[in-house]
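This report refers to the structure that appears directly beneath it.
The values are calculated or read from the model by the stated rules, or taken from the named source; none is laboratory data. Not measured: the values here are computed from a predicted model. Positions of Cβ are backbone-derived with ideal geometry, glycine not excepted, and every protein chain shown enters the neighbour counts.
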Amino acid sequence: MQIAQLLLKHQRDFDWLDDDVFLQALTVGDGYFENRSGQRYHTLVIPSCDVLTEDAFARIEEFAARGGKVLFWGRKPTMLAGRSFLNPDALPDTPDWLEEPSVSWTGTVEAAMPAPEMRILPDPKARPAARNARSQGPVEEPATFAVRYTRRVLPDGVLYFLFNEGEKDAAFEAEFDAAGAVREWDATTGSVRPLPAAAGPDGKVRLALRLQRWESKIISIAR
């Protein structure tokens, strides 16, 4: 799905939810949804659809009223259904919720997103890609655009799974939304080794990393 690829490309971790999970497995906090394992979600993205259920809409209204961000990304639904879809009502106005009709990364989408939990820092030595004035071809994207991550909160810390989906090696410095002792886990051998890390101005962990093409890493940051 194009929206999923855009989120991954911009290093935004996410989970898919159906109506059952959305209504039964999430609680609403001040500015976030929280699932039963402690993962928090600060933005709700609603991709192209035609109808929302009344129960889901009520939960979304509560989330937005408590500070959560809601983004209709793509075709906005127009109908609200109750116990059946035979006689749907019109979707109420939602002027405070964000809308982006194009399936592309825009300022509206950026404004809806929480800060990434793993941020790839700009390379001070890198030069901006130059485009030939006579060429209409696309600018080559940096190798870090192919770096993906998934973050999970555990009782004793935070776990990050990193993966390079690209055909090129990616060397970069990343800042993680956590602080504590850093270790790398080898899924093949089961070994664990400490990683040297620095602290950013706000105390968050910073790591210099290199991911070969198609390589993955598992990194934990203890509380």
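A few remarks follow.
- The residue that is surrounded by the fewest Cβ atoms within 10 Å (Cβ to Cβ), counting only those in the stretch 36-73 that are small (Gly, Ala, Ser) and under 17 Å from the mean Cα position of the chain (by Cα), is 38.
- Here the condition is being modelled with pLDDT under 90, under 19 Å from the mean Cα position of the chain (by Cα) and under 26 Å from residue 15 (Cβ atoms); of 145, 176, 163, it holds for 145 alone.
- Single residue of the stretch 185-223 satisfying the filter (among the polar types (S, T, N, Q) and touching a residue at least 40 places away in the same chain (Cβ under 8 Å)) that is farthest from residue 170 (Cα to Cα): 220
- Total residues in the stretch 174-221, condition of a type outside the set (D, E, K, R), over 14 Å from residue 149 (Cβ atoms) and either in a loop (DSSP other than H, G, I, E, B) or outside the structural domain of residue 153 (by TED's automatic domain parsing) (or both): 16
- Residue pairs meeting the criteria (Cβ under 6 Å; at least 6 apart or on separate chains; first surrounded by fewer than 13 Cβ atoms within 10 Å (Cβ to Cβ), in the stretch 74-87; second not in a loop (DSSP other than H, G, I, E, B)): 82/54
- Residue in the stretch 77-89 that is farther than 30 Å from residue 208 by Cα, of a type in the set (Phe, Trp, Tyr) and outside the structural domain of residue 157 (by TED's automatic domain parsing) present: yes
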